[in-house]
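Below is one structure, written out as structure tokens; comments come after it.
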């Protein structure tokens, strides 16, 4: 019997940045510009709870599952985008 796998969407850097900006505005009440150089802690004032909210919402919207090792060393929005892209590449193929 064959299992049917639905291909997961693949997102670009700009699409991921747009999702992070939307989540930051809606969930974190962020007002202002957000780019790849925006620092997660210093600029977005992320504490552990706010970081978790951002990551969970991003996982839900992009249909990915970040692992603890993906989250190590995340300093900027660009680092987060790179982690998402790397996780997409490691996702199982249908």
As I understand it, the value is the acute angle between the Cα axis of helix 13-27 and the longest principal axis of the Cα atoms of the chain; what does it come to in degrees, rounded to 10? 60
Report the full-extension gain for the segment residue 75 to residue 18: residue separation times 0.36 nm, less the Cα-Cα distance, to one decimal in nm. 18.7 nm
Using Cα atoms only, what is the angle between the long axis of helix 48-62 and the major principal axis of the chain, expressed in degrees (0 to 90) to the nearest 10? 40
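If you rank 72, 59 by fewest surrounding Cβ atoms within 10 Å, what's the result?
Numbers: 72 9, 59 14.
Fewest to most other Cβ atoms nearby, the residues stand as 72, 59.
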Per-bin percent of Cα-Cα distances, the range 13-89 [5 Å]: 3, 16, 32, 31, 15, 3, 0
Run the numbers on the chain and let me know its relative contact order in percent, using alpha-carbon pairs under 8 Å that are six or more apart. 40
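Please give the calculated 222 nm ellipticity per residue for the chain, where each DSSP H segment of at least 4 residues contributes -39500 (n - 2.57) and the sum is spread over every residue; nearest 500 deg cm²/dmol? Numbers along the way, then the final one.
Working: 4 runs with 48 residues, N = 94.
Mean residue ellipticity, 222 nm, calculated: -16000 deg cm²/dmol.
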In degrees, nearest ten, helix 77-90 long axis to first principal axis of the chain (Cα): 10
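Where a number appears in this text, it was derived from the coordinates with a stated rule and is not lab data. None of the values given here were measured: they were computed from a predicted structure. Cβ atoms come from the backbone with ideal geometry, glycine included; neighbour counts cover every protein chain shown.
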